[in-house]
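Engineer: Quick one: the structure is below, and I'll ask about it shortly.
The values are calculated or read from the model by the stated rules, or taken from the named source; none is laboratory data. Given the structure is predicted, the values throughout are model-derived calculations rather than measurements. A quick note on method: Cβ atoms are made from the backbone with ideal geometry, for glycine too, and the neighbour counts reach across all protein chains shown. With ligands, DNA and RNA removed, areas are computed over all heavy atoms of the protein, side chains included. Shrake-Rupley method; radii C 1.70, N 1.55, O 1.52, S 1.80 Å.
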Amino acid sequence: MGNQSISRAAKILALFSYSKPQWRVTDIAAAMKLPIGTVHGIVKALHESGFLTKQKNSREYRLGLTLQELGAIQKATLEINQKASIPVSYLARDTGLLGRVGVFENDAIIVTMSTVPLEGGPVAPYMGPTVPAYCSAMGRAILAFMPEDEVIQHLDRVQLVKYTSKTITDRDQLMTELQSVREKGYAVSHQETLMHLDSIGAPVFAAEGELAGAISLNGHPNNVSGGDFSRLAQRVMDTAAEISNYMGYHVEPRFVDA
(Lines give C-alpha, C1' and ligand atoms only; values in the text may rest on other atoms or scores of the structure.)
Protein backbone atom coordinates (compact mmCIF):
# COMPACT_ATOMS: atom_id res chain seq x y z
CA MET A 1 0.00 0.00 0.00
CA GLY A 2 1.51 3.32 -1.12
CA ASN A 3 1.77 6.50 0.92
CA GLN A 4 -1.35 7.97 -0.69
CA SER A 5 -3.36 4.81 0.03
CA ILE A 6 -2.13 4.77 3.64
CA SER A 7 -3.20 8.40 4.04
CA ARG A 8 -6.61 7.62 2.57
CA ALA A 9 -6.99 4.56 4.80
CA ALA A 10 -6.28 6.70 7.88
CA LYS A 11 -8.88 9.24 6.76
CA ILE A 12 -11.43 6.47 6.22
CA LEU A 13 -10.91 5.17 9.75
CA ALA A 14 -11.27 8.74 11.06
CA LEU A 15 -14.77 8.94 9.55
CA PHE A 16 -16.17 6.47 12.10
CA SER A 17 -17.63 8.17 15.17
CA TYR A 18 -20.19 7.78 17.95
CA SER A 19 -22.76 9.62 15.85
CA LYS A 20 -21.99 7.52 12.74
CA PRO A 21 -20.39 4.17 13.65
CA GLN A 22 -21.40 2.41 10.40
CA TRP A 23 -20.48 3.33 6.83
CA ARG A 24 -21.14 1.97 3.36
CA VAL A 25 -18.50 2.13 0.66
CA THR A 26 -20.68 4.48 -1.36
CA ASP A 27 -21.07 6.84 1.61
CA ILE A 28 -17.32 6.79 2.30
CA ALA A 29 -16.62 7.57 -1.35
CA ALA A 30 -19.04 10.50 -1.27
CA ALA A 31 -17.58 11.85 1.99
CA MET A 32 -14.01 11.63 0.70
CA LYS A 33 -14.87 12.63 -2.87
CA LEU A 34 -13.12 9.58 -4.30
CA PRO A 35 -14.14 6.98 -6.90
CA ILE A 36 -16.11 4.06 -5.46
CA GLY A 37 -13.61 1.58 -6.90
CA THR A 38 -10.70 3.29 -5.14
CA VAL A 39 -12.51 3.31 -1.81
CA HIS A 40 -13.66 -0.29 -2.22
CA GLY A 41 -10.06 -1.47 -2.61
CA ILE A 42 -8.90 0.36 0.53
CA VAL A 43 -11.90 -0.79 2.56
CA LYS A 44 -11.30 -4.37 1.45
CA ALA A 45 -7.69 -4.18 2.64
CA LEU A 46 -8.77 -2.70 5.98
CA HIS A 47 -11.38 -5.43 6.35
CA GLU A 48 -8.90 -8.22 5.59
CA SER A 49 -6.46 -6.85 8.19
CA GLY A 50 -9.14 -6.56 10.89
CA PHE A 51 -9.28 -2.76 11.05
CA LEU A 52 -12.85 -2.88 9.73
CA THR A 53 -15.54 -5.51 10.10
CA LYS A 54 -18.55 -6.00 7.84
CA GLN A 55 -22.04 -6.36 9.23
CA LYS A 56 -23.74 -9.66 8.38
CA ASN A 57 -26.33 -9.38 5.62
CA SER A 58 -25.39 -5.73 5.20
CA ARG A 59 -23.12 -3.52 3.14
CA GLU A 60 -22.12 -1.49 6.17
CA TYR A 61 -18.74 -1.57 7.87
CA ARG A 62 -17.78 -0.90 11.48
CA LEU A 63 -14.43 -0.50 13.21
CA GLY A 64 -12.74 -3.85 13.79
CA LEU A 65 -11.36 -5.35 16.98
CA THR A 66 -7.78 -5.01 15.75
CA LEU A 67 -8.05 -1.30 16.60
CA GLN A 68 -9.19 -2.14 20.13
CA GLU A 69 -6.24 -4.50 20.54
CA LEU A 70 -3.79 -1.86 19.35
CA GLY A 71 -5.47 0.75 21.56
CA ALA A 72 -5.13 -1.49 24.60
CA ILE A 73 -1.42 -1.97 23.88
CA GLN A 74 -0.92 1.76 23.37
CA LYS A 75 -2.68 2.66 26.63
CA ALA A 76 -0.85 0.01 28.62
CA THR A 77 2.56 1.12 27.37
CA LEU A 78 2.00 4.89 27.53
CA GLU A 79 4.45 6.20 30.13
CA ILE A 80 2.07 8.60 31.84
CA ASN A 81 -0.47 5.78 32.25
CA GLN A 82 2.15 3.48 33.71
CA LYS A 83 3.28 6.12 36.20
CA ALA A 84 -0.24 7.36 37.02
CA SER A 85 -2.08 4.07 37.33
CA ILE A 86 -1.56 3.42 41.05
CA PRO A 87 -1.68 7.07 42.29
CA VAL A 88 -4.88 7.85 40.38
CA SER A 89 -6.44 4.56 41.50
CA TYR A 90 -5.76 5.52 45.13
CA LEU A 91 -7.15 9.00 44.48
CA ALA A 92 -10.39 7.59 43.08
CA ARG A 93 -10.67 4.99 45.84
CA ASP A 94 -10.10 7.46 48.66
CA THR A 95 -12.50 10.10 47.31
CA GLY A 96 -15.17 7.91 45.73
CA LEU A 97 -14.90 9.96 42.54
CA LEU A 98 -13.80 9.21 38.99
CA GLY A 99 -10.09 9.68 38.30
CA ARG A 100 -8.82 10.40 34.80
CA VAL A 101 -5.55 10.84 32.96
CA GLY A 102 -5.28 12.77 29.71
CA VAL A 103 -2.84 14.21 27.19
CA PHE A 104 -3.06 17.18 24.81
CA GLU A 105 -3.23 16.03 21.19
CA ASN A 106 -4.67 17.66 18.07
CA ASP A 107 -6.08 20.63 20.00
CA ALA A 108 -8.06 18.46 22.42
CA ILE A 109 -7.60 16.28 25.49
CA ILE A 110 -7.44 12.56 24.81
CA VAL A 111 -8.44 10.59 27.90
CA THR A 112 -5.87 7.82 28.18
CA MET A 113 -7.06 6.24 31.42
CA SER A 114 -10.14 6.27 33.66
CA THR A 115 -10.27 4.83 37.15
CA VAL A 116 -13.68 3.83 38.46
CA PRO A 117 -14.40 4.77 42.11
CA LEU A 118 -15.38 2.32 44.80
CA GLU A 119 -18.38 0.11 44.11
CA GLY A 120 -21.51 1.95 45.09
CA GLY A 121 -19.78 5.32 44.86
CA PRO A 122 -21.02 8.13 42.61
CA VAL A 123 -20.08 7.57 38.98
CA ALA A 124 -19.72 10.54 36.65
CA PRO A 125 -21.92 10.71 33.54
CA TYR A 126 -20.42 9.28 30.36
CA MET A 127 -17.50 11.21 28.98
CA GLY A 128 -15.97 10.32 25.63
CA PRO A 129 -12.32 9.57 24.92
CA THR A 130 -11.78 13.14 23.73
CA VAL A 131 -12.80 16.28 25.59
CA PRO A 132 -12.28 19.96 24.67
CA ALA A 133 -9.29 21.62 26.27
CA TYR A 134 -10.66 25.11 26.89
CA CYS A 135 -13.58 24.05 29.11
CA SER A 136 -12.29 20.89 30.81
CA ALA A 137 -10.26 20.74 34.00
CA MET A 138 -7.49 18.65 32.44
CA GLY A 139 -7.40 20.91 29.40
CA ARG A 140 -7.08 24.10 31.42
CA ALA A 141 -4.45 22.50 33.64
CA ILE A 142 -2.36 21.92 30.51
CA LEU A 143 -3.14 25.15 28.65
CA ALA A 144 -2.26 27.21 31.72
CA PHE A 145 1.34 26.01 31.61
CA MET A 146 1.82 26.24 27.85
CA PRO A 147 3.52 29.30 26.28
CA GLU A 148 0.93 32.05 25.83
CA ASP A 149 1.46 32.28 22.07
CA GLU A 150 0.68 28.57 21.74
CA VAL A 151 -2.49 29.03 23.78
CA ILE A 152 -3.60 31.91 21.54
CA GLN A 153 -2.91 29.83 18.42
CA HIS A 154 -4.92 26.98 19.93
CA LEU A 155 -7.89 29.24 20.64
CA ASP A 156 -7.64 30.58 17.08
CA ARG A 157 -7.92 27.06 15.68
CA VAL A 158 -10.74 25.63 17.79
CA GLN A 159 -14.40 26.57 17.86
CA LEU A 160 -15.41 27.68 21.35
CA VAL A 161 -18.64 25.71 21.64
CA LYS A 162 -21.00 26.38 24.54
CA TYR A 163 -21.67 22.81 25.66
CA THR A 164 -23.80 23.94 28.61
CA SER A 165 -25.12 27.25 29.87
CA LYS A 166 -22.08 27.39 32.17
CA THR A 167 -19.39 26.91 29.49
CA ILE A 168 -16.95 29.82 29.33
CA THR A 169 -16.40 30.82 25.69
CA ASP A 170 -15.23 34.42 26.09
CA ARG A 171 -11.51 34.49 25.24
CA ASP A 172 -10.59 37.21 27.73
CA GLN A 173 -12.38 35.33 30.48
CA LEU A 174 -10.61 32.13 29.47
CA MET A 175 -7.18 33.80 29.59
CA THR A 176 -8.01 35.15 33.05
CA GLU A 177 -9.06 31.66 34.10
CA LEU A 178 -5.78 30.19 32.86
CA GLN A 179 -3.82 32.82 34.78
CA SER A 180 -5.71 31.78 37.91
CA VAL A 181 -4.81 28.15 37.25
CA ARG A 182 -1.10 29.04 37.01
CA GLU A 183 -1.31 30.86 40.33
CA LYS A 184 -3.27 28.15 42.17
CA GLY A 185 -1.74 25.06 40.59
CA TYR A 186 -5.06 23.41 39.77
CA ALA A 187 -7.98 23.94 37.38
CA VAL A 188 -11.72 23.56 37.81
CA SER A 189 -14.64 23.03 35.47
CA HIS A 190 -18.08 23.60 36.93
CA GLN A 191 -20.59 21.77 34.69
CA GLU A 192 -18.95 23.22 31.56
CA THR A 193 -18.62 20.03 29.53
CA LEU A 194 -21.62 18.19 30.98
CA MET A 195 -24.37 19.26 33.33
CA HIS A 196 -24.12 17.68 36.78
CA LEU A 197 -20.38 17.10 36.36
CA ASP A 198 -17.66 19.08 38.13
CA SER A 199 -13.95 18.42 37.68
CA ILE A 200 -10.67 19.37 39.32
CA GLY A 201 -7.49 18.99 37.28
CA ALA A 202 -3.74 19.44 37.71
CA PRO A 203 -0.82 19.21 35.27
CA VAL A 204 1.75 16.42 35.12
CA PHE A 205 5.32 17.21 34.09
CA ALA A 206 8.02 15.00 32.63
CA ALA A 207 11.80 15.40 32.82
CA GLU A 208 13.06 18.99 32.58
CA GLY A 209 9.58 20.36 33.18
CA GLU A 210 8.03 19.30 29.88
CA LEU A 211 4.23 19.01 30.00
CA ALA A 212 3.30 15.32 29.93
CA GLY A 213 -0.45 15.61 30.47
CA ALA A 214 -2.87 16.08 33.34
CA ILE A 215 -5.10 14.23 35.78
CA SER A 216 -8.59 15.06 37.00
CA LEU A 217 -11.10 14.11 39.64
CA ASN A 218 -14.70 14.09 38.40
CA GLY A 219 -18.12 13.74 39.93
CA HIS A 220 -21.46 15.30 40.76
CA PRO A 221 -21.21 18.96 41.85
CA ASN A 222 -22.57 18.05 45.28
CA ASN A 223 -19.61 15.74 45.80
CA VAL A 224 -16.94 18.01 44.27
CA SER A 225 -17.69 21.71 44.63
CA GLY A 226 -20.33 21.16 47.29
CA GLY A 227 -18.14 18.82 49.33
CA ASP A 228 -14.76 19.37 50.92
CA PHE A 229 -13.46 21.14 47.81
CA SER A 230 -10.18 22.36 49.31
CA ARG A 231 -9.24 18.85 50.41
CA LEU A 232 -10.09 17.40 46.98
CA ALA A 233 -8.11 20.09 45.14
CA GLN A 234 -5.13 19.44 47.43
CA ARG A 235 -5.35 15.70 46.77
CA VAL A 236 -5.42 16.28 43.01
CA MET A 237 -2.35 18.55 43.16
CA ASP A 238 -0.47 16.15 45.43
CA THR A 239 -1.27 13.20 43.18
CA ALA A 240 -0.19 15.10 40.05
CA ALA A 241 3.07 16.04 41.79
CA GLU A 242 3.66 12.41 42.78
CA ILE A 243 3.20 11.30 39.16
CA SER A 244 5.52 14.08 37.96
CA ASN A 245 8.17 12.79 40.35
CA TYR A 246 7.78 9.32 38.86
CA MET A 247 8.14 10.91 35.41
CA GLY A 248 11.47 12.42 36.44
CA TYR A 249 10.52 15.97 37.44
CA HIS A 250 10.42 17.27 41.00
CA VAL A 251 7.45 19.53 41.71
CA GLU A 252 7.63 21.87 44.67
CA PRO A 253 4.69 21.33 47.07
CA ARG A 254 1.76 23.70 46.59
CA PHE A 255 -1.11 24.24 48.97
CA VAL A 256 -4.73 25.18 48.45
CA ASP A 257 -5.80 28.47 50.00
CA ALA A 258 -8.85 27.40 51.97
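Engineer: Tell me the per residue accessible area of the chain using a 1.4 Å probe; a whole number in Å² is fine.
Structural biologist: Numbers: 13750 Å² over 258 residues.
That works out to 53 Å² for each residue.
Engineer: So what's the chain giving for Rg/Rh, alpha carbon basis, Kirkwood Rh from the mean inverse pair distance?
Structural biologist: Values: Rg = 20.4 Å, Rh = 19.9 Å.
Computed over Cα atoms, the ratio is 1.03.
Engineer: For a protection proxy built on the mean count of beta-carbon atoms within 10 angstrom, sort 31-42, 243-254 highest first, please. Each step should come with its number before you reach the end.
Structural biologist: Details: 31-42: 14.1, 243-254: 16.2.
Descending mean neighbour count gives 243-254, 31-42.
Engineer: Which stretch or stretches of the stretch 197-220 have amide N atoms under 19 Å from the point lying 7 Å from THR164's Cα along the Cα→Cβ direction?
Structural biologist: From the stretch 197-220, the list is 197-202, 216-220.
Engineer: Now, a different point. For a 31 Å ceiling on Cα separation, which of these pairs sit above it: LYS33/LYS56; LYS54/LYS162; LYS54/LYS166; LYS20/LYS166? Could the numbers behind the result be given before it?
Structural biologist: Values: LYS33/LYS56 26 Å; LYS54/LYS162 37 Å; LYS54/LYS166 41 Å; LYS20/LYS166 28 Å.
Too far apart for the 31 Å limit: LYS54/LYS162; LYS54/LYS166.
Engineer: At a Cα cut-off below 15 Å, give the aspartates and glutamates reachable from LYS75, other chains included and same-chain residues fewer than 8 away excluded.
Structural biologist: Qualifying aspartates and glutamates at Cα under 15 Å: GLU105.
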